[in-house]
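To start, the structure under review is shown below, and the notes come after it.
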Amino acid sequence: HPMHIAENHITLQFTSDAQVICEPLFKNTPITYFYYTRWYRAGRIFSIGTQPDWYRLFLEKDYYPRYSFIKNLPHNSFQLISDCSFAGSRRNEALAVSRQLNLGHFFSLSQHEEAYTSLIGFTIPFHHDVSFYFENIPLLESFIYFFKDKAHQLIATYSQEKHALEIPNYFDEDEKVSSLMNAHLFHHGRYYFNCNHQENYVTQRELLCVY
């Protein structure tokens, strides 16, 4: 059954808090969206973000990835997804919505914990070159620490699994999963241009040489 996010749901109430924290980032960079998301192993999601329309559509329209995608993300590494491939068979629809909302290139840091995987990331519009991300990785990493510090109490209080939304079909093994990525392991310390193509990456050393 499709998800429905109530207007007064906890995660939507925090949009303004997140926007205030992210205001300096948005003013001084081309970044248009920031999100902090926890994907719980039991099939629930908690998210704080600055774009409530995208978050609602992401869940209600089934643009979200499945467990097979989340569990195979590399630990403590960034991934770039410019084609909304995480939406699988709904990719084109999700891509159109992301353009409409001025999102674009998604750049996410994945971190695995015992009970959940966190995805923390940014978007820049499609007309901006993705080199912005790779030229500014120290800035992005610093901002993630800054956001966690500023939103510490909020995250500690409301990110508990009991407040998270249950995700329908999260554990389905269907064509959507297989279309996202194959089940090979990723490697720590690499920055991926697309999770579907694991050969497209640069290492930290290569980034230092280029930038």
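The values are calculated or read from the model by the stated rules, or taken from the named source; none is laboratory data. Keep in mind that what you see is a predicted model, and the values were worked out from it rather than measured. Cβ sites come from the backbone with ideal geometry, for glycine too, and all protein chains shown count toward neighbours. Heavy atoms of the whole protein, side chains included, go into the accessibility calculation; ligands, DNA and RNA do not. Shrake-Rupley method; radii C 1.70, N 1.55, O 1.52, S 1.80 Å.
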Computed curve, segment 37-108, Cα-only Debye sum without solvent term, log₁₀ I(q)/I(0) at 0.11, 0.13, 0.24 Å⁻¹, is -0.26, -0.37, -1.37
Rounded to two decimals, the Debye log10 I(q)/I(0) of segment 1-132 (Cα scatterers, no solvent) at q = 0.09, 0.11, 0.13, 0.18 Å⁻¹ is -0.24, -0.37, -0.53, -1.08
Result for segment 95-141: accessible area per residue, probe 1.4 angstrom, in square angstrom, of 41 Å²
Along segment 152-167, Karplus-curve 3J(HN,Hα) (6.51, -1.76, 1.60; θ = phi - 60°) to the nearest Hz, with x for Gly and Pro, reads 4, 5, 4, 5, 4, 7, 10, 8, 4, 4, 5, 8, 7, 7, 6, 9
Carbon and sulfur atoms account, in whole percent of the 1.4 Å probe accessible area of segment 1-90, for 48 percent
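Within 13 Å, Cβ to Cβ, of ILE124, how many net charges do the neighbouring residues add up to if Lys/Arg are +1 and Asp/Glu are -1?
Working: positive: ARG99; negative: ASP129, GLU135.
Combined, the nearby Lys, Arg, Asp and Glu give -1.
Quick check on segment 81-152: take the gyration tensor over C-alpha atoms, sort the square-rooted eigenvalues as a ≥ b ≥ c, and tell me if it's rounded (a/c under 1.5), prolate or oblate.
Values: a/c = 2.18, a/b = 1.35, b/c = 1.61.
Because a/c hits 1.5 or more and a/b fails to exceed b/c, segment 81-152 counts as oblate.
For every other residue with a beta carbon closer than 14 angstrom to the beta carbon of LYS150, add +1 if it is Lys or Arg and -1 if Asp or Glu, then tell me the sum. Could you put the intermediate results ahead of the total?
Values: positive: LYS148; negative: ASP17, GLU23, ASP149.
In short, -2.
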Note, segment 53-69: 3J(HN,Hα) by Karplus (6.51, -1.76, 1.60, θ = phi - 60°), whole Hz, Gly/Pro = x, goes 5, 5, 4, 5, 5, 3, 8, 5, 9, 6, 8, 6, x, 9, 4, 4, 6
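If you rank ILE10, ILE5 by how much accessible surface each has, with a 1.4 Å probe, what is the order from largest down?
Working: ILE10 40, ILE5 5 Å².
Sorted descending by solvent-accessible area, the residues read ILE10, ILE5.
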Expected vector for segment 122-137, Karplus 3J(HN,Hα) from phi with 6.51, -1.76, 1.60 and θ = phi - 60°, integer Hz, x for Gly and Pro, equals 9, 9, 10, x, 4, 6, 8, 6, 5, 4, 3, 4, 6, 7, 10, 4
